[in-house]
Each structure stands twice: as structure tokens, then as C-alpha cells.
Amino acid sequence: MAKRQLVGLFGGTFDPVHIGHLRMALELKRHLGMDEMQLIPCHIPPHRQLPVVDAERRAAMVELAVADCPDLTASRLELNNPAPSYSLHTLQMLREQNGPESALCLAMGMDSLASLDGWYGWEQLLELGHIVVAARPGWQLPTRGAVANTIARHRADAAALREAPAGAIIIEELTLLPISATDIREQIGRGESPQFLLPDKVWDYIVREGLYR
Ligand code: ATP
């Protein structure tokens, strides 16, 4: 039997993308032995306020960020859709593109997992893919409510990603870099340089386009 393809999917606003995002994507891919890891900038984020920069230029920054990294790719899948970028729809599109056998692995932080029951169509997500959670050392799982029940039913070891195309929740402990896009936007707004918090090519693009000032 052919080896199951493991496809990592890391969605976000990426306003702008920074090395915290990139290291998390890279480390998850390596730790879990994924075949690819796609960064998917959203068009309109459903769960938060509108991004400062338009989707086209946020995607351009993600493309610049991964241009020299063979492990990471940028996806424009959500850009062409004028509706809010729901992960459920993205998984449905990717399931159609990738066929029934590949393991689609939706990457997220523990905060996102804890509030999963607020996501559109959340109960169907695990029918379409796996959820891989990047958790900081000292992480804690939600202990009560619908999400806690779902975790109890679906939590598995990383090996489960190869055993089925969907249905497992994997928690992977990673040291996440303490960097946030909000802080980067604020630094630029104050006229300070955020150099070294994001790839040079992305910072050059921000300067060229006059973003976040
Ligand atoms: P903002 O500050 O604008 O809220 P953000 O970086 O927290 O930005 P997104 O760009 O939407 O938010 O992030 C996409 C994903 O990356 C989210 O799941 C978020 O949890 C995760 N993430 C954000 N910062 C880091 C970091 N430093 N390390 C690892 N993952 C991160």
C-alpha cells in the first residue's frame, strides 16, 4: 500500500507573517514527519477584527517568507473566496483536491483548540482532517465542556496521522517564540524597526509598500 501523504495546513491572518509562525510550522512539520506544510493566509478572518493589510499583500509576504525554505509552501486557496475564511470550507476544498486518502493536518495553537466549539461547523472538522496542536511547555487541556469531550474522544499519538486520513487530535509540545504580529505592527507604527523578528525579505517589502505606518 502506498504511504499516506501527510499534509500540514497552517492558516492565519499573517498580518504580517513572522518567525514565530515560520518556526512553529517548520518544527511541527519535522516533529510529525509531514510531507508538506502549507501556510494559508485568510481572506477575511471569521473570528477577529479585519486585518490591517489586504489579503493580496499578506499573501505576498507569506510567499516571500517561504521562498527560500523547501519545507514550507504558501497557499492562496482562501484568497479567491470573498466569504469569511472558514477552516471547514478550506478543508473541504483540500479534501477534494487531495483525494480521500491523504491525511490533512490542521495546525493550531492551544488557545485555538480551547475555543474550537466557536468555529463554524467545528464538529465536522475531524471528519475531514486531523488537528495538530502546538503547545507551549506547561500546556493545559480544557477540562470541561464540549471541546474537552471531543479531545477525550479523539486524542491520539502522532502515529495516528498515518493510520487514517482524519479524526485524530495530536498535541505536540514545542517551544514557541514569544513574537506577535500585533507587537510588530505597533513597533512599525512607533517608527521602530522590527528587524530580525521577521524575514529580511518581508521587512524590505513592508518598507517598500509603506505598510503598518
Ligand atoms: P495578531 O498579533 O495579529 O493576533 P498572530 O500572529 O497572533 O497575530 P495570526 O497571524 O492569525 O495571529 O496567527 C496565525 C497562527 O499562528 C495562530 O494559530 C496563532 O496561534 C499562531 N501564532 C501566533 N504567534 C505565534 C508564535 N509566536 N509562535 C507560534 N505560533 C504563533
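Give me the net charge of Leu104's neighbourhood, meaning all other residues with Cβ under 12 Å from the Cβ of Leu104; Lys, Arg count +1, Asp, Glu -1. Could the numbers behind the result be given before it?
Details: positive: Arg4, Arg95; negative: Asp35, Glu36, Glu96, Glu101, Glu127.
Surrounding charge for Leu104 is -3.
Can you compute 3J(HN,Hα) from phi for each residue in the range 170-179, using the Karplus curve 6.51 cos²θ - 1.76 cosθ + 1.60 with θ = phi - 60°, rounded to whole Hz and x for Gly and Pro?
Going residue by residue, I get 10, 10, 10, 7, 9, 8, 8, 6, x, 10 Hz, with x marking Gly and Pro.
Kirkwood Rh, the range 123-213, all Cα pairs: how many Å?
16.3 Å
Collect residues whose amide H, placed 1.01 Å from N in the peptide plane, falls under 5 Å from the amide H of Gly11; neighbours closer than 5 in sequence don't count.
HN-HN under 5 Å from Gly11: Ile40, Ala107.
So how much slack lies between Glu96 and Ser115, counting 0.36 nm per residue of separation and subtracting their Cα-Cα distance, in nm?
Going from the current span to full extension adds 4.2 nm.
Given a 1.4 Å probe, how much area per residue of the range 84-213 is accessible, in Å²?
Numbers: 6840 Å² over 130 residues.
Computed with neighbouring chains in place, this is 53 Å² per residue.
According to the Kirkwood expression over distinct Cα-Cα pairs, how big is the hydrodynamic radius of the range 51-109, in Å?
Radius from the Kirkwood sum: 13.2 Å.
Hey, could you get me the Stokes-Einstein D for the range 16-59, Kirkwood radius over alpha-carbon pairs, 37 °C and 0.692 mPa s, rounded to whole µm² s⁻¹?
Result for D is 272 µm²/s.
Using every pair of alpha-carbon atoms in the range 131-178, split the distances into 10 Å bins beginning at 0 and state the percent of pairs per bin, rounded to integers.
Over the range 131-178, the share of Cα pairs per 10 Å bin runs 25, 49, 25, 1 percent.
Can you give the net charge of the other residues whose Cβ lies under 9 Å from the Cβ of Ile170, counting K and R as +1 and D and E as -1?
Taking every other residue near Ile170 into account, the sum is -1.
Treat every Asp and Glu Cβ in the chain as -1 and every Lys and Arg Cβ as +1, leave all other atoms uncharged, and give the resulting dipole magnitude about the Cα centre to the nearest 20 debye.
Numbers: 20 positive and 26 negative charges, 43 e Å.
The dipole magnitude comes to about 200 debye.
For the chain, what % of the accessible area comes from carbon and sulfur atoms, probe 1.4 Å? Can you show the working numbers first?
Values: 5200 of 10560 Å².
Within the chain, the accessible surface is 49 percent carbon and sulfur.
Would you compute the Debye intensity of the range 30-176 from its alpha-carbon atoms alone, equal scatterers and no solvent, and pass along log10 I(q)/I(0) at q = 0.20, 0.21 Å⁻¹ to two decimals?
Scattering profile of the range 30-176, log10 relative to I(0): -1.48, -1.57.
On the principal axes of its Cα set, how long, how wide and how thick is the range 1-104? Give whole Å, largest value first.
46, 27, 20
Compute the angle between helix 19-32 and the longest alpha-carbon principal axis of the chain, please, reported from 0 to 90 degrees and rounded to the nearest 10.
Here the helix axis deviates by roughly 20 degrees.
The values are calculated or read from the model by the stated rules, or taken from the named source; none is laboratory data. Keep in mind the model is a prediction, meaning the values are calculated, not measured. Using ideal geometry, Cβ is built from the backbone for each residue, glycine included, and neighbour counts are taken over all protein chains shown. Just the protein is used for accessible areas: all its heavy atoms, side chains included, with ligands, DNA and RNA removed. Shrake-Rupley method; radii C 1.70, N 1.55, O 1.52, S 1.80 Å.
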